[in-house]
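Contents: one structure, followed by commentary.
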Amino acid sequence: MCLDYGPFKLVKEEEETDLENIATILIQEEGLKMIDSFGKISQFAGRISEIDLLNQRIVLA
């Protein structure tokens, strides 16, 4: 069964970031490092508090 309803979203408080082109998520001490399919690197402060596969969300605390 496939539940692909589009890209995942990164949620921190009221802010949502679309992860459409993200290929890699690396967990680091200061937060998350994300690398998209074009090699662009993004940094997000916080730690993962929830990964919701059904609603395609990664929630940061």
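Just so it is clear, none of the values below were taken in a lab; they were calculated from the coordinates. What you see is a predicted model, and the numbers here were worked out from it, not measured in a lab. As a convention, Cβ positions derive from the backbone with ideal geometry for all residues, glycine included, and neighbour counts pool all protein chains shown.
A few notes on this one:
- Cα-Cα pairs of the chain separated by more than 14 Å (percent): 56 percent
- Loop-located chymotrypsin sites (Phe, Trp or Tyr not before Pro) across the chain with a Cβ neighbour count of 16 or fewer within 10 Å are Tyr5, Phe38, with loop assigned by DSSP.
- Trypsin sites (Lys or Arg not before Pro) within the chain, DSSP loop, no more than 16 other Cβ atoms inside 10 Å: Lys40, Arg47
- The magnitude of the dipole of the chain, with charges of +1 and -1 set on the Cβ of Lys/Arg and Asp/Glu and taken from the Cα centre, is near 180 debye.
- Length available on full extension from Lys40 to Ala23: 0.36 nm per residue minus the Cα-Cα distance, which gives 5.1 nm.
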